[in-house]
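Read-outs: derived from the displayed coordinates by stated rules, not from any lab. Predicted model, so just to flag it, every value in this text is computed and none were measured. Note: ideal-geometry Cβ built from the backbone for every residue, glycine included; neighbour counts use all protein chains shown.
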Amino acid sequence: MTAPYPGRCACGAVTLEVTGEPIGTRQCWCRQCQQIASGGPTNNAIFKVEDVAIEGELAHSAWTAASGNTLAFHFCPKCGTQVYAQSSARPHLATVRLGALDAGHGLHPETVIWTEDAPEWAASTRLWRAGPASRPLPRLRRRQAPDRAAGPNISCHADPFCRHPAATRGFYTRSRMAVLAV
């Protein structure tokens, strides 16, 4: 899809329309973005401010980012949907959250930034496997805990993409001293 890119918050109180193409798209793993995105990254498209029209009331907050710039983020005060952010270093640009744009916009992050702040699990290929939108959790059954003297019987999960050196078809839970297997 090309411009215009319409969008709205989750409750519909805030709407936006972007009339220009993005200057860039990126995913940000800085700690502040992880906090406002509940542990994940923010996914963003950067547009010229004059190309972004917003209707409805927005709340905002600001902090000093790791870069030293002041970053203001704007969100719907009714539902909390992040709409856009703006850096003091680039006041002529609006960093629009991809989730605020209507589905089907076709934009995706082309760059990933602040990767050194990303949690270790963020690079796991198992998170990106193609599959149904909602897959049932596997049924788990208990197995006898391994003999500790025999060495570790540890796996991240029963996943063929697991790269743990002692991978097995289960994972060791130290708190329950049991191995769960699929």
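Note on Thr19 and Glu120: their simple-model spin labels are 5.0 nm apart, each label 7 Å out from Cα toward Cβ.
Peptides 51-63, 10-22 ordered by packing proxy, namely the average of other Cβ atoms within 10 Å per residue, highest first: 10-22, 51-63.
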